[in-house]
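The values are calculated or read from the model by the stated rules, or taken from the named source; none is laboratory data. Treat the numbers as computed from the prediction; the structure is a model and nothing was measured. Cβ placement follows ideal geometry from the backbone for every residue including glycine, while neighbour counts extend to all protein chains displayed.
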Amino acid sequence: MTKHVYTFGAGKAEGKADMKNLLGGKGANLAEMNLIGVPVPAGFTITTDVCTAYNKLGKDAVIDMLKAEVEKAIADTEVAMNAKFGSKGEAFPLMLSVRSGARVSMPGMMNTVLNLGMNDDAVKILAEKSGNEQFAYDSYRRFIQMYGDVVMGVEAEEGEHDPFEEVLDRVKDEKGYKTDAEIPAEDYKVIVEEFKAIVKEKAGIEFPTNPWDQLWGAVCAVFDSWNTPRAILYRQKEQIPEEWGTAVNVQAMVYGNMGDTSGTGVCFSRDAATGENLFNGEYLINAQGEDVVAGVRTPQEITLIGSRRWAERNGTSEEKRKATFPSLEEAMPEVYAQLNDIQQKLENHYKDMQDMEFTIQDGKLWMLQTRNGKRTGAAMVKMAVDMLEEGMIDEKTALLRQEPNKLDELLHPVFDKEAIANATVLSKGLPASPGAATGMCAFSAKRAEELAAEGKKVILVRRETSPEDLAGMYAAEGILTERGGMTSHAAVVARGMGKCCVSSAAGITVTMTSMKIGNKEYKEGDFISLNGSTGEVYDGEVATITPSLDGDFGKVMQWAENNTRMYVRTNADSPADAEIAREFGAKGIGLCRTEHMFFEGDRIWKMREMILAENVEGRKAALAKLLPIQREDFYGILKAMDGFGVTIRLLDPPLHEFTPNDLESQKEMAEKLGVPVEVVKEKVESLHEFNPMLGHRGCRLGNTYPEITEMQARAIIEAACDLKKEGFDPKPEIMVPLIGTVKELKLQEEIIRSVAKEVMTEKGVEVDYMLGTMIEIPRAALTANEVAEVAEFFSFGTNDLTQMTFGYSRDDAAKFLPVYLEKGILKQDPFEALDQTGVGQLVEIAAERGRSVRSNLKLGICGEHGGEPSSVEFCHRAGLDYVSCSPFRVPIARVAAAQANLK
Ligand code: PEP
Ligand code: MG
């Protein structure tokens, strides 16, 4: 019989750390912590397989399937905790927390229910046994509130406040209590009844009093939360497969809200924002875990050093800090010492930075969770470098721990020093997630998304963020919140995204439509800037610059260099881009799109002159004017990449891309080129195509207008000869685009080779050059053995290859791809991540057939996929020599290539 439930508690566990697939990350680690002697409240994990079954079979069948195992597990938990579920007075009542836990953590995305088991009997016993009536009734109202929301669907209607919070606010107002903690038991008793009435009114049924009914309701609600829109969006963005499902962790409650000897907190074994090797975190006295996560109360620092830094940032005096915001180290030194030992033990055990949750119940410390902590790109790099130097991990582990895409954050702008010196600081908050961001204020996630869709740079400004704001956070450049701590939702999620975030900004008041700082009001569209590394908020737009790339970043690049087989080139059309990419470690250019060179300055006019020419002579005359310009371009680019291969592609796009569509511009063109406007109009009309992507482009241009190929080949070889004479080592690789048959390539080859020969004779110098083709039409891939008879290299143009294999126009796919992704027809946008099962086969076939006739055939990829980590891994497996990508993705591709080699 399949086992669905795994128990843990009192130093024993049925699961362990490497069972994450079955038990989820949280469940596996709860088991492991028990096994290594860390104090963890007893409980059990229902496996992720059950989630899958739940989605297929539904609630009743799954409850039937689980019933016996869960009853047995509850009995074990009762023994371990010396408490009784559904107690009628004979023992301490066992209250439960029910939490989700997928294979990888999805913070805040799924549901949790705490204080389960509570009812009119249990609350009395809890009050009696704990000697704290206020705590017992507070727990009861929390339970109704959370269960009412999560399981019974009682929530604020649009534009209204949360109905439960409204009651709390009213009572506090009426009686003059400042915080929830000041509300006495007598009032909580009344509140509990009001809460029950709210549930009855909104959900239409009585609040369930039977603990077993409560338990099954909560377990099913956790499974249901796997499919909430925010969980689905998060999975899409983070590429978490839908079929993984979530586990459910049912665990004995321990209470951080039993009074002033209790508390709860979140801590990290190193700094998740900077990577500094410093234990840090936040806690709240007399609170439950959700209070820290929700970011409603401002939590205190755990360590003394953290507390002092915090005070310094806030301008709080040492006296005030000690009296009002003492660290846990000062407030509860013994508990702190134990926590400090445990965090070290856990980091050493997992050999990675741990993100931990704990609760102190009446002076006793319990660990509720540990996981490898999410971190910024900068922290990811620093921690790996430090841990390698500390001897905790080896180079291979350090390298495999890099999430290639996160390196992007390190390559991104920081504020320009001069600009920032002149900027006005509006406020200072917590440096929740580093980086610099500038943009216009948007006060709702929806507006942030809309403005970003219009191409605007947006800062999402919120009182606090909730998981519903996720889409807006993705769309924004940065996030600013009025409330919350370093471990609030906004901070944790922003760090995971590598997005700049400042939280708990001093002196700002945020509404749904504006933000007030002092007497200044900011409305939607007004610009502000954020420094997520210092917590500063600035007025207006502040200029940014690219950061430096030595130090720890350089070390990571060196590990990549030490461990890679494939090398990385760049797609660049200018010497400046080539230089940046070379600094990032690019070894050559995989694609120089020559057409991009025709748009600069007044070059476009010479190109248009060529297009308007009525015969070969006219075209040749116009091309003769383009020749020196092209030669100069190629000279610059070959020089910037001296010693490395530079793949230069002959003209590719359909000619209509160079002519104007609107009448005004057509008139301008006619005037400039001295022809009647009708001539221009006629030409534009004649260039019109129904499917330009499948039309008169690529080598079809070179084969119908051989003079274009002649000019470009001449410009390339002339530039190379000139460089050679000057003592450089140019390595041009001339590439023919969009061939489908070998004959198309053959005819172009004849032109190129004859021009090259002619130029070298003229210049009296020999240069080595290669001649190859793009593989971007399925027929070329399938007949690669014929093509390789002529081509010395293949470069996979996977943009076109994807377009033509799927039959999706690159220009029109955006109309239906979002729906396809939403419906799960496609798992990923195939223009972003290479479709390995379909398009990938063509790459493999072409590589194999090509090399069967030319064993030293050089293979590379230059489509957008060349900088996407999963596609890079595929290219490694397919035996490609290099991948080529845009300059800023070069470091990402280098790490991905080395990782592919190590896996
Ligand atoms: C490709 O098709 O993958 C490619 C690199 O060429 P382009 O994007 O210029 O069509
Ligand atoms: Mg192409």
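Given the condition in contact with a Ser or Thr (Cβ under 7 Å, 6 or more places away or on another chain) and not charged (D, E, K, R), answer yes or no: does some residue in the stretch 452-468 qualify?
The answer is yes; a qualifying residue exists.
Name the residues in the stretch 763-778 that are more than 15 Å from ligand 1 (Cβ to nearest atom) and assigned to a helix (DSSP H, G or I), would you?
763
Quick check: is even one residue across the stretch 701-711 crowded, with 20+ Cβ neighbours inside 10 Å and within 16 Å of ligand 2 (Cβ to nearest atom)?
Yes, there is a match, as at least one residue in the stretch 701-711 is crowded, with 20+ Cβ neighbours inside 10 Å and within 16 Å of ligand 2 (Cβ to nearest atom).
Just to be sure before I move on: is residue 169 part of a helix (DSSP H, G or I), in contact with a Phe, Trp or Tyr (Cβ under 6 Å, 6 or more places away or on another chain) and modelled with pLDDT under 95 in the structure I sent?
No.
Among 723, 738, which is in contact (Cβ under 8 Å) with a residue 24 or more places away in the chain and more than 16 Å from ligand 1 (Cβ to nearest atom)?
Answer to the check: 723.
Residue 240 versus (1) out of contact with any strand residue (DSSP E or B) (no Cβ under 8 Å at 6 or more places or on another chain); (2) in a loop (DSSP other than H, G, I, E, B): which is the lone unmet condition?
With respect to (1) out of contact with any strand residue (DSSP E or B) (no Cβ under 8 Å at 6 or more places or on another chain); (2) in a loop (DSSP other than H, G, I, E, B), residue 240 is out only on (1).
Quick one: in the stretch 724-736, which of the residues that are out of contact with any strand residue (DSSP E or B) (no Cβ under 6 Å at 6 or more places or on another chain) and either modelled with pLDDT under 95 or of a type in the set (Lys, Arg) (or both) is surrounded by the most Cβ atoms within 10 Å (Cβ to Cβ)?
Checking each candidate, the answer is 724.
In this structure, is residue 393 β-branched (Val, Ile, Thr) and either part of a helix (DSSP H, G or I) or surrounded by 23 or more Cβ atoms within 10 Å (Cβ to Cβ) (or both)?
no
From the residues in the stretch 674-716 that are at pLDDT below 90 and assigned to a helix (DSSP H, G or I), which one is farthest from residue 778 (Cα to Cα)?
Restricting to residues being at pLDDT below 90 and assigned to a helix (DSSP H, G or I), the top hit is 692.
Just checking: which of the strands (runs of 3 or more DSSP E) contained wholly in the stretch 492-542 hold 2 or more residues that are among the β-branched types (Val, Ile, Thr) and in contact (Cβ under 8 Å) with a residue 60 or more places away in the chain?
508-510
Looking only at residues that are among the hydrophobic types (A, V, I, L, M, F, W, C), assigned to a loop (DSSP other than H, G, I, E, B) and within 16 Å of ligand 1 (Cβ to nearest atom) in the stretch 849-879, which one is farthest from the chain's Cα centre (by Cα)?
Per the criteria, the residue is 878.
Output the number of residues of the stretch 836-848 satisfying the condition of being more than 16 Å from ligand 1 (Cβ to nearest atom), farther than 13 Å from residue 880 by Cα and part of a helix (DSSP H, G or I).
So the count comes out to 1.
Only one of (1) away from ligand 2 (no atom under 16 Å from the Cβ); (2) of a type in the set (Lys, Arg); (3) in a loop (DSSP other than H, G, I, E, B) is not met by residue 810, so which one is it?
Here residue 810 meets the rest and fails (1).
If a residue has to be farther than 27 Å from residue 401 by Cβ and touching a Cys at 6+ places or on another chain (Cβ under 7 Å) to count, how many in the stretch 526-560 make the cut?
The number of residues fulfilling the criteria is 3.
For every residue, the table says whether it meets (1) crowded, with 23+ Cβ neighbours inside 10 Å; (2) of a type in the set (S, T, N, Q); (3) within 16 Å of ligand 2 (Cβ to nearest atom).
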position: 722; (1), (2), (3): no, no, no
position: 741; (1), (2), (3): no, yes, no
position: 755; (1), (2), (3): no, no, no
position: 768; (1), (2), (3): no, no, no
position: 776; (1), (2), (3): yes, no, yes
position: 792; (1), (2), (3): no, no, no
position: 795; (1), (2), (3): yes, yes, yes
position: 804; (1), (2), (3): yes, no, yes
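Could you grab me the full set of residues in the stretch 49-67 that are hydrophobic (A, V, I, L, M, F, W, C) and more than 18 Å from residue 214 (Cα to Cα)?
50, 51, 53, 57
Restricting to the stretch 311-330, give me the number of residues that are of a type outside the set (A, V, I, L, M) and either buried (at least 20 other Cβ atoms within 10 Å of the Cβ) or at positive phi (or both).
4
If you go through the stretch 401-416 one residue at a time, do you hit one that is free of Cβ contacts under 8 Å to residues at least 12 places away in the same chain, out of contact with any Asp or Glu (no Cβ under 6 Å at 6 or more places or on another chain) and in a helix (DSSP H, G or I)?
no
A quick yes/no check of all residues on (1) in contact with a Lys or Arg (Cβ under 8 Å, 6 or more places away or on another chain); (2) among the hydrophobic types (A, V, I, L, M, F, W, C); (3) modelled with pLDDT under 95; (4) within 15 Å of ligand 2 (Cβ to nearest atom):
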| position | (1), (2), (3), (4) |
| --- | --- |
| 799 | yes, no, yes, yes |
| 845 | no, yes, no, no |
| 853 | no, yes, no, no |
| 858 | no, no, no, no |
| 878 | no, yes, no, no |
| 883 | yes, yes, no, no |
| 889 | no, no, yes, no |
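What is the number of the single condition among (1) more than 30 Å from residue 583 (Cα to Cα); (2) in a loop (DSSP other than H, G, I, E, B) that residue 342 does not meet?
Of (1) more than 30 Å from residue 583 (Cα to Cα); (2) in a loop (DSSP other than H, G, I, E, B), only one is false for residue 342: (2).
Residues in the stretch 594-610: is at least one in contact with a Phe, Trp or Tyr (Cβ under 7 Å, 6 or more places away or on another chain), free of Cβ contacts under 8 Å to residues at least 60 places away in the same chain and β-branched (Val, Ile, Thr)?
Looking for residues that are in contact with a Phe, Trp or Tyr (Cβ under 7 Å, 6 or more places away or on another chain), free of Cβ contacts under 8 Å to residues at least 60 places away in the same chain and β-branched (Val, Ile, Thr), one finds at least one in the stretch 594-610, hence yes.
Consider residue 247 carefully, then state whether it is crowded, with 23+ Cβ neighbours inside 10 Å, small (Gly, Ala, Ser), at negative phi and not in a helix (DSSP H, G or I).
Against the criterion (crowded, with 23+ Cβ neighbours inside 10 Å, small (Gly, Ala, Ser), at negative phi and not in a helix (DSSP H, G or I)), residue 247 qualifies.
So, of the residues in the stretch 67-90 that are outside any helix (DSSP H, G or I) and closer than 18 Å to residue 216 by Cα, which turns out to be farthest from the chain's Cα centre (by Cα)?
Looking at the filtered set, the residue picked out is 87.
Determine the pairs where a residue that is closer than 8 Å to residue 802 by Cα, located within the stretch 826-841, has a partner that is surrounded by fewer than 17 Cβ atoms within 10 Å (Cβ to Cβ) and among the hydrophobic types (A, V, I, L, M, F, W, C) with Cβ atoms under 7 Å apart, the partner being 6 or more residues away or on another chain.
Once the first residue is closer than 8 Å to residue 802 by Cα and sits in the stretch 826-841, its partners that are surrounded by fewer than 17 Cβ atoms within 10 Å (Cβ to Cβ) and among the hydrophobic types (A, V, I, L, M, F, W, C) give 830/806.
Residues in the stretch 813-831 that are within 16 Å of ligand 2 (Cβ to nearest atom), hydrophobic (A, V, I, L, M, F, W, C) and either assigned to a loop (DSSP other than H, G, I, E, B) or exposed (fewer than 15 other Cβ atoms within 10 Å of the Cβ) (or both): how many?
The total comes to 1.
Of all the residues that make up the stretch 2-39, how many are among the small types (Gly, Ala, Ser), within 26 Å of residue 338 (Cβ to Cβ) and assigned to a helix (DSSP H, G or I)?
Looking only at that region, the number is 5.
Could you tell me which of the residues 336, 283 is outside any helix (DSSP H, G or I) and more than 20 Å from residue 494 (Cα to Cα)?
Being outside any helix (DSSP H, G or I) and more than 20 Å from residue 494 (Cα to Cα) holds for just one of 336, 283, which is 283.
Can you tell me which residue among 428, 396 is closer than 29 Å to residue 890 by Cα and not aromatic (Phe, Trp, Tyr)?
396
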